[in-house]
Amino acid sequence: KQEVTQIPAALSVPEGENLVLNCSFTDSAIYNLQWFRQDPGKGLTSLLLIQSSQREQTSGRLNASLDKSSGRSTLYIAASQPGDSATYLCAVSLFTTSGTYKYIFGTGTRLKVLA
Amino acid sequence: SQTIHQWPATLVQPVGSPLSLECTVEGTSNPNLYWYRQAAGRGLQLLFYSVGIGQISSEVPQNLSASRPQDRQFILSSKKLLLSDSGFYLCAWRYSGGADTQYFGPGTRLTVL
């Protein structure tokens, strides 16, 4: 059974710091891995998607890496800002016998960036 | 462009009452649809997913059921709510074919008293 773990559970940093969020998964048979952002009481917004054949993806100040063989992904946030404060979730996609993909989510890292 | 709607936004229900949450998607055809629950302080738990009308896959045996009566409509139901059904319910869709991203709705906050 696929399990996804995120460390740390919560993180508080001063503005301007570079930071790394970690995600690990137990089964390397994934099709892709995604990082999402969730603001309090809101739905999820996709940040980065890494296909299983890729090693990393970048978007602005965000960089996500994937090491499928070791079951790990990291989300790097450069020069953090108060607006980055949110919960960050990673999810792995698995193919199903129904002919579609399902997503297993981690428990998230709650980030607070202090001004 | 595609949009996803969920209603109601918030709901307070007594234990033992029925439940019906609705999710609709606009601007696309034959989407794959998903229901998730997020309990307080916990991650997203996949409840049901569907690849087409009347086709429902259940992930976790529980007090809930799902139906897909139309191509872009996904309904989450319960005959009798339990306290443990409280949480934030999220609907999501993705294009059928290809392992690309999911798009999430705004969610429904359910409180069972």
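For the stretch A:1-57, which positions are surrounded by 17 or more Cβ atoms within 10 Å (Cβ to Cβ) and without any contact (Cβ under 8 Å) to a residue 12 or more places away in the chain?
A:43, A:57
Residues to consider are B:38, B:6; find the one that is closer than 25 Å to residue A:90 by Cβ and in contact with an Asp or Glu (Cβ under 8 Å, 6 or more places away or on another chain).
Exactly one residue qualifies, and that residue is B:6.
Residue check, residue A:71 against (1) on the phi > 0 side of the Ramachandran plot; (2) more than 14 Å from chain B (Cβ to nearest Cβ); (3) buried (at least 21 other Cβ atoms within 10 Å of the Cβ), all met but one. Which one?
Among (1) on the phi > 0 side of the Ramachandran plot; (2) more than 14 Å from chain B (Cβ to nearest Cβ); (3) buried (at least 21 other Cβ atoms within 10 Å of the Cβ), the lone unmet condition for residue A:71 is (3).
If you go through the stretch A:79-95, how many residues are within 7 Å of chain B (Cβ to nearest Cβ) and either modelled with pLDDT under 95 or touching a helix residue (DSSP H, G or I) at 6+ places or on another chain (Cβ under 8 Å) (or both)?
1
Could you tell me whether any residue of the stretch B:30-52 is at pLDDT 90 or above, over 21 Å from residue A:96 (Cα atoms) and either crowded, with 20+ Cβ neighbours inside 10 Å or more than 11 Å from the chain's Cα centre (by Cα) (or both)?
Yes, the conditions are met somewhere in the stretch B:30-52.
Out of the stretch A:78-115, which residues are touching a residue at least 40 places away in the same chain (Cβ under 8 Å) and over 23 Å from residue B:37 (Cβ atoms)?
A:78, A:79, A:80, A:81, A:82, A:112, A:113, A:114, A:115
Tell me which strands (runs of 3 or more DSSP E) are completely within the stretch A:1-110 and hold 2 or more residues being under 29 Å from residue B:31 (Cβ atoms), or say none if there are none.
Once the strands (runs of 3 or more DSSP E) in the stretch A:1-110 are filtered for at least 2 residues that are under 29 Å from residue B:31 (Cβ atoms), what remains is A:4-7, A:19-25, A:32-38, A:44-51, A:56-59, A:62-67, A:72-77, A:86-95, A:101-105.
The values are calculated or read from the model by the stated rules, or taken from the named source; none is laboratory data. Just so we're clear, the structure is a prediction, and the values are computed from it rather than from any experiment. Because the Cβ atoms are built from the backbone with ideal geometry, glycine has one as well, and the counts that use them run over all protein chains shown.
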